[in-house]
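Worksheet: one structure, shown below.
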Amino acid sequence: MSPQSATPNILISAAGEDADWKKAMVERLPDANVATTDDDYDPATIDHALFWKQPQGLIKTLPNLKAIFSLGAGVDHVVSSPSLPADIPVIRLEDAGMADQMVQYHLYAALHFMRDFDVYAAQQAKATWTQHDVARISKCRVGVMGLGALGAAVASALSNLGFAVSGWSRSMKAIDGITTYAGEDAFAEFLGQSDILICLLPRTPETEGLLNSAALSHLPKRAAIINAARGAMINEADLLRALDTGHLRGAFLDVAVTEPLPESHPFWDHPKIRITPHIAAATRIEEAVDQIAQNIHRMARGETPSGLVDRQSGY
């Protein structure tokens, strides 16, 4: 990449947290000019944009952008914009304090099913006192869809705890202690040995609706699903059908197609579904601005930034 101006001109649109991001960015890059969309700024001077669910059409008002940073793990809100120029780099956060949180969330959710806490919750509702044998953790097979920074951290943590872990991704990955699969041809085999399926794939046109009735049918009888990626990964009607027929034992969902989840949505009252309001992992602003500042310095030196998104793959 060619060297950039030594004084960055930064615009922040962070879905209601603009002031916090601006304060942290000014502290980290005191020589930069930092503005939010609420400030009086000249769009023609902006060369770096920090976005999370930015207003529609904002990108096309910034004619001299050199880079866009996503303020979250996902970049679909940026790359799906019809006004995004083809030559502008999009840069994702690679961790920013999210990996530890994701590990914690998935340890809890996986143990929920492995230790039959879903069964005991159903028993409690009926005032039933029945003990069940404790399964061997090594016999519980966990499949992790998506082996990026967050997926790899979750897979490794579960493996270290004793689960039998496998992973599936678009291209082959090698992770110590993890059996890995790659590509469409291996998808059904991967699903077939996932007693607990964890979805941590990025949202792309290829992953939307990926877990439909056909895919769910490949899961073992009484498998469970944990989704903390994007709600669009799962066909919600197909998931409900698989739960109601007994093919799946339960689902632990942090995301939904429509967020906030509408009050009338059947997920709320379903006895086999646990809902959390998109809290599996929050971006830590301090860690995030440190990553962003380092990448701004890299680009200023003409170097390739870390976390550069492949626009064709969408992540």
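Points worth noting:
- When 70, 169 are arranged by Cβ crowding within 10 Å, least crowded first, meaning fewest neighbours, the order is 169, 70.
- Ordering 91, 308, 113 by the projection of their Cα atoms onto the charge dipole of the chain, which places +1 on the Cβ of Lys and Arg and -1 on the Cβ of Asp and Glu, puts 113 at the extreme positive end.
- Long-range amide H partners of residue 182 with built H, under 5 Å: 169
- The Cα atoms of region 22-74 cover 29, 28, 21 Å along the three principal axes, with the biggest extent listed first.
- Cα shape, region 182-231, gyration tensor, a/c 1.5 rule: oblate
- Within the chain, helix-based [θ] at 222 nm, where runs of 4 or more DSSP H residues each add -39,500 (n - 2.57), nearest 500: -8500 deg cm²/dmol
- Computed from the C-alpha gyration tensor, the three semi-axes of the ellipsoid equivalent to the chain are 39, 20, 18 Å, from longest to shortest.
- FRET efficiency, 1/(1 + (r/R0)^6) with R0 45 Å, evaluated for residue 107 and residue 58 via beta carbons: 0.75
- Counting beta carbons within 10 Å around each of 36, 283, 7, 61 and listing the fewest first gives the order 7, 61, 36, 283.
- Taking the charge dipole of region 91-224 about its Cα centre, with +1 at Lys and Arg Cβ atoms and -1 at Asp and Glu Cβ atoms, the residue from 132, 188, 160 reaching farthest to the positive side is 132.
- Rg over Rh [alpha-carbon atoms, Kirkwood Rh] for region 7-111: 1.03
- Principal axis extents of the Cα atoms in region 182-315, from largest to smallest and rounded to whole angstrom, are 58, 38, 22.
- Distance in nm between pseudo-label sites at residue 77 and residue 6 (7 Å out along the Cβ direction from Cα): 3.4 nm
- Average 1/r across all pairs of distinct alpha carbons in region 98-275, invert it, and you get the Kirkwood radius: 16.4 Å.
- Surrounding net charge for residue 15, when Lys and Arg each add one and Asp and Glu each subtract one, Cβ distance under 15 Å: -4
- Among 49, 72, 266 the positive-end extreme of the charge dipole of the chain (Cβ point charges): 266
- An oblate overall shape is assigned to region 98-138, the ratio a/c of its alpha-carbon gyration tensor axes (a ≥ b ≥ c) being 1.5 or greater and a/b not exceeding b/c.
- At R0 = 35 Å, FRET efficiency that the Cβ-Cβ distance of residue 31 and residue 94 yields, to 0.05: 0.90
- Per-residue 3J(HN,Hα) values for region 283-293, derived from phi via the Karplus relation 6.51 cos²θ - 1.76 cosθ + 1.60 with θ = phi - 60°, read 5, 8, 4, 4, 5, 5, 5, 5, 4, 5, 4 Hz in sequence order (x marks Gly and Pro).
- Here the chain is assigned +1 on the Cβ of each Lys and Arg and -1 on the Cβ of each Asp and Glu. Its dipole about the Cα centre then comes out at about 960 debye.
- Flagged links, alpha-carbon separation over 32 Å, of 53/221; 126/221; 23/173: 53/221; 23/173
- When Rg and the Kirkwood Rh are both derived from Cα coordinates, the Rg/Rh ratio for region 237-276 amounts to 0.94.
- Arranged from fewest to most other beta-carbon atoms within 10 Å of their beta carbon, 100, 185 become 185, 100.
- Gaussian network model of the chain, Cα within-10 Å springs - most flexible of 23, 173, 221: 23
- Pairwise FRET efficiency - residue 214 versus residue 125, Cβ, R0 = 30 Å, nearest 0.05: 0.40
- For region 98-275, a simple Cβ point-charge model (Lys and Arg +1, Asp and Glu -1, everything else neutral) yields a dipole of about 460 debye relative to the Cα centre.
- Here the alpha carbons of region 77-200 define both size measures, Rg and Dmax, at 18.0, 63 Å.
No lab work stands behind these numbers, since they all come straight from the coordinates. The shown structure was predicted, so the numbers you read here are calculated from the model rather than taken from an experiment. Positions of Cβ are generated from backbone atoms using ideal geometry, with glycine treated the same way; all protein chains shown enter the neighbour counts.
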